[in-house]
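*Asks:* Dropping the structure in here first, questions after.
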Amino acid sequence: MGLEKQGAKPKGLTGTIIGKMMNRLHTGRYVKYFLKNIPSENSSILDIGCGGGKFLHFLNSLNNGYKLYGLDHSEKMIALAGKVNQREIEKGLVEIKQGSVMELPFANNSLDMVTAFETVQFWPDSLKSFIEVKRVVKPGGKFIIFNYYPKEGTKWWNFAKIKDDKQYKKLLEESGFSSTHCNLQNEKGWIIIESVK
């Protein structure tokens, strides 16, 4: 199985190794952002494509009374996220669910924030997925996306479904989000998208 497929749905020993690598290498990028943009106390937050669950572990460490959910469609990632957050799960602070972004197991207008880190490129239908995210976010709630910002002509450009900030904005507006702000970090090859319902 190629790395792109493993990234989409990690399986087997390789999948477990990839999940642990993501926990070590990627979480720091998100932590820096959220330490500057700490969600309100007692927020309900869903991380779609939660992988190994390290980001949920970080959010819980802020002790702000969050109710945290992780969703992934990989059994390997669900198992790893469960281990990383075992104490929090036992205390009822974190729930890890297996499922699809196309059919989120949450009620309408039930979440204050939804996050997606390096995962939207794997979603089968961007527009339908964004509409489904909008369904579960409360009015005034946020949808935060972190993703690589591909350079034209590279392998990542060919792989990425959403090529630039204009496409993100168009899709999110069509999905029903009221406002979208894109923060390009070209020198780092990243884009951060903040959408409000």
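Quick grid of which residues meet (1) buried (at least 21 other Cβ atoms within 10 Å of the Cβ); (2) polar (S, T, N, Q); (3) on the phi < 0 side of the Ramachandran plot; (4) out of contact with any Phe, Trp or Tyr (no Cβ under 8 Å at 6 or more places or on another chain):
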| site | (1), (2), (3), (4) |
| --- | --- |
| K36 | no, no, yes, yes |
| I48 | yes, no, yes, yes |
| F55 | yes, no, yes, no |
| L59 | yes, no, yes, no |
| G65 | no, no, no, yes |
| H73 | no, no, yes, yes |
| K76 | yes, no, yes, yes |
| A79 | no, no, yes, yes |
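*Asks:* May I pose another question? Do we have F159 as touching a residue at least 40 places away in the same chain (Cβ under 8 Å), of a type in the set (F, W, Y) and more than 25 Å from V31 (Cβ to Cβ) here? Walk me through how you get there before you give the answer.
*Replies:* Numbers: touching a residue at least 40 places away in the same chain (Cβ under 8 Å): yes; of a type in the set (F, W, Y): yes; more than 25 Å from V31 (Cβ to Cβ): yes.
Judged against the criteria, F159 is a match.
*Asks:* Against the condition out of contact with any Ser or Thr (no Cβ under 7 Å at 6 or more places or on another chain), under 26 Å from K32 (Cβ atoms) and either of a type in the set (A, V, I, L, M, F, W, C) or modelled with pLDDT of 95 or more (or both), how does F106 come out, does it pass?
*Replies:* no
*Asks:* Name the single residue, out of those in the stretch 63-81 being in a helix (DSSP H, G or I) and in contact with a strand residue (DSSP E or B) (Cβ under 8 Å, 6 or more places away or on another chain), that is nearest to N42 (Cα to Cα).
*Replies:* First, pick out the residues of the stretch 63-81 that are in a helix (DSSP H, G or I): 75-81.
Of the ones still in play, those that are also in contact with a strand residue (DSSP E or B) (Cβ under 8 Å, 6 or more places away or on another chain) are 75, 78, 81.
Numbers: E75: 29, I78: 24, A81: 22 Å.
In this case the residue turns out to be A81.
*Asks:* Taking only pairs six or more apart or across chains, which ones have beta-carbon atoms under 7 Å, a first residue in the stretch 175-195 that is over 15 Å from S126 (Cβ atoms) and of a type in the set (A, V, I, L, M), and a second residue that is at pLDDT below 95 and part of a loop (DSSP other than H, G, I, E, B)?
*Replies:* Every condition considered, the pairs that remain are L184/Y149.
*Asks:* A further question on this structure: Look at S110 and say whether it is closer than 24 Å to H181 by Cα, of a type in the set (G, A, S) and out of contact with any strand residue (DSSP E or B) (no Cβ under 9 Å at 6 or more places or on another chain).
*Replies:* On the way: closer than 24 Å to H181 by Cα: yes; of a type in the set (G, A, S): yes; out of contact with any strand residue (DSSP E or B) (no Cβ under 9 Å at 6 or more places or on another chain): no.
Here the answer is no, as S110 does not meet what is asked.
*Asks:* Also, quick follow-up: State all residues of the stretch 22-50 that are at pLDDT 85 or above and part of a helix (DSSP H, G or I); if no residue qualifies, say none.
*Replies:* So in the stretch 22-50, the residues at pLDDT 85 or above come out as 33-50.
Across the stretch 22-50, the qualifying residues are Y33, F34, L35, K36.
*Asks:* Working only within the stretch 28-42, note down all residues that are in contact (Cβ under 8 Å) with a residue 40 or more places away in the chain and farther than 14 Å from I144 by Cα.
*Replies:* At the first step, the residues of the stretch 28-42 found to be in contact (Cβ under 8 Å) with a residue 40 or more places away in the chain are 29-30, 33, 39-40.
Correct list: S40 only.
*Asks:* Please give the strands (runs of 3 or more DSSP E) falling wholly within the stretch 82-175 in which 3 or more residues are buried (at least 20 other Cβ atoms within 10 Å of the Cβ) and under 14 Å from the mean Cα position of the chain (by Cα).
*Replies:* Values: elements: 94-98, 111-117, 137-148.
Correct list: 111-117, 137-148.
*Asks:* So is K142 under 23 Å from V31 (Cα atoms), among the charged types (D, E, K, R) and touching an Asp or Glu at 6+ places or on another chain (Cβ under 9 Å) or not?
*Replies:* On the way: under 23 Å from V31 (Cα atoms): yes; among the charged types (D, E, K, R): yes; touching an Asp or Glu at 6+ places or on another chain (Cβ under 9 Å): yes.
It is true that K142 is under 23 Å from V31 (Cα atoms), among the charged types (D, E, K, R) and touching an Asp or Glu at 6+ places or on another chain (Cβ under 9 Å).
The values are calculated or read from the model by the stated rules, or taken from the named source; none is laboratory data. From a predicted model like this one, the values you see are computed outputs, not experimental measurements. In this analysis, Cβ positions are derived from the backbone assuming ideal geometry, glycine residues included, and neighbour counts consider all displayed protein chains.
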